[in-house]
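One structure is given here, and the rest of the page talks about it.
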Amino acid sequence: MENLTEILAGCRRRDRKSQEKLYRQFYPVLFALCRNFFEEKHDILTAINNGMLRVFQNIDQYEPAKGEFFNWTYTTVRNAALTLLRDRKTQRFEYEEIADYMGFESGENLFEQLAAGDIHIYLLQLPVATRRICGLFYLDGFSVKEIAEALRISEGTVKWHLSESRVRLRTIFEKSL
């Protein structure tokens, strides 16, 4: 297999074979990423394809001094998935609003002791909206405010989903023991 430097050089020349090699190399990880946002395979593939199209269009903007190419690609595809979510006007979230006076306890990170494969198995048992927000908060490190802004929902809604994810995951973990 060609090394990443050669593949990127081909992508900068707009070589379709190099673009295909890059797409295939990152596809498994990007599929797992987008699966956190969408249930249907069509939506997952749409998010990946939108993100990779942005990668190919903006590949000249990537600067190796600023970080790894994989991280740049991962972030680009994640942002494409978030944009797809935002653009969906028919998407409905099921939630209960939490008032600020009710407080928000983050507790410890439930995922610290689990392997990556285990995390996705547990997350798939959560409702889509709750899984999405849980992944953004615990796995991607976004703050409550950043998630609220990205998904255009209130911070209280984000807090409710995080609380709901902890309750549901606790039940799931207890059943698996």
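The values are calculated or read from the model by the stated rules, or taken from the named source; none is laboratory data. The model shown is predicted, which means the values in this text are computed figures rather than measured ones. Cβ atoms come from the backbone with ideal geometry, glycine included; neighbour counts cover every protein chain shown. Only protein heavy atoms, including side chains, enter the accessible area calculation; ligands, DNA and RNA are left aside. Shrake-Rupley method; radii C 1.70, N 1.55, O 1.52, S 1.80 Å.
Things worth noting here:
- Residues that are under 10 Å from the mean Cα position of the chain (by Cα) and in contact (Cβ under 8 Å) with a residue 40 or more places away in the chain, drawn from the range 19-48: Leu30, Ala32, Leu33, Cys34, Arg35, Asn36, Phe37, Phe38
- Of the residues Ile119, Ile147, the single one that is at pLDDT below 85 and either hydrophobic (A, V, I, L, M, F, W, C) or within 17 Å of Phe38 (Cα to Cα) (or both) is Ile119.
- Matching residues in the range 56-79 - criterion: being in a helix (DSSP H, G or I) and over 22 Å from Phe142 (Cα atoms): Phe56, Gln57, Ile59, Asp60, Gln61, Pro64, Ala65
- Among (1) closer than 24 Å to Ala47 by Cα; (2) in contact with a helix residue (DSSP H, G or I) (Cβ under 6 Å, 6 or more places away or on another chain); (3) modelled with pLDDT under 75; (4) open to solvent by 60 Å² or more (accessible area, probe 1.4 Å) - the single one Gln125 does not satisfy: (3)
- Filter result for Ile7 (open to solvent by less than 50 Å² (accessible area, probe 1.4 Å) and closer than 20 Å to Leu123 by Cβ): no
- Within the range 61-83, the set of residues being open to solvent by less than 50 Å² (accessible area, probe 1.4 Å) and polar (S, T, N, Q) comprises Thr73, Thr76, Thr83.
- Residues satisfying the stated conditions in the range 1-51, i.e. among the aliphatic types (A, V, I, L, M) and assigned to a loop (DSSP other than H, G, I, E, B): Met1
- Within the set Phe70, Phe111, Phe38, the sole residue that is touching a Leu at 6+ places or on another chain (Cβ under 9 Å) and at pLDDT below 85 turns out to be Phe111.
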